[in-house]
Amino acid sequence: MTTERKQKLLLYAVLLMIMFAAALFMNRRFVQIDTCLDNGAAWDYDRNICSLDCVGDGKIWVEEKAACLNVKER
């Protein structure tokens, strides 16, 4: 295998790893929200946290939006 071909394969490998890392980084929040909702909790978009207690936070559960919202936002 020539040096030029090795360099090209190395470049493709590095680019593939960069693309994979970028995809993981971009989908991280989606996975957090999905996991939260799968566990029966609610995602608080204002604070970016998974909330198990809407009432304790002074909010209500809105089924259509699958989130805890302030009464005014409903």
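The values are calculated or read from the model by the stated rules, or taken from the named source; none is laboratory data. The model shown is predicted, which means the values in this text are computed figures rather than measured ones. Reconstructed Cβ throughout: ideal geometry from the backbone, glycine too, with neighbour counts over all protein chains shown.
Taking the options Cys50, Cys36, name whichever one is touching a helix residue (DSSP H, G or I) at 6+ places or on another chain (Cβ under 6 Å) and not acidic (Asp, Glu). Walk me through it before giving the result.
Values: Cys36 fails: touching a helix residue (DSSP H, G or I) at 6+ places or on another chain (Cβ under 6 Å).
Going through Cys50, Cys36 in turn, the sole match is Cys50.
(1) surrounded by fewer than 10 Cβ atoms within 10 Å (Cβ to Cβ); (2) in a loop (DSSP other than H, G, I, E, B); (3) at pLDDT 75 or above: which one isn't true of Glu64, the others all being true?
(3)
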